[in-house]
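Here's the structure, in structure tokens; my notes come after.
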């Protein structure tokens, strides 16, 4: 299997650095205190925006292999977020609820 270190790292950090920031901003703008499930779902919604970026890759065998790997990794991380198993998302939710 090819080394996709960069995309693996991106997907691992996506919820922490990108998606929680957008989810938190979204709920602040809506002036809403979400449940954990609502917050997780919004984080996942922003994580899935990566699919748009992956669609920009060329249509060739190497890109297909890359996209399959990236999509598998993304699905794994989405499952963790939805199950409450991503400690960073849970921490950001608690911080948001406690200090908003």
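The values are calculated or read from the model by the stated rules, or taken from the named source; none is laboratory data. Being a predicted model, the structure only gives us computed values, none of them experimental. Positions of Cβ are backbone-derived with ideal geometry, glycine not excepted, and every protein chain shown enters the neighbour counts.
For the reader, a short list of remarks on this structure follows.
- Some residue of region 81-97 being in contact with a helix residue (DSSP H, G or I) (Cβ under 9 Å, 6 or more places away or on another chain), modelled with pLDDT under 95 and exposed (fewer than 12 other Cβ atoms within 10 Å of the Cβ): no
- Verdict on residue 76 being modelled with pLDDT of 95 or more and either outside any helix (DSSP H, G or I) or under 25 Å from residue 2 (Cα atoms) (or both): yes
- Out of 37, 51, 68, sole residue that is without any contact (Cβ under 8 Å) to a residue 60 or more places away in the chain and under 19 Å from residue 100 (Cα atoms): 37
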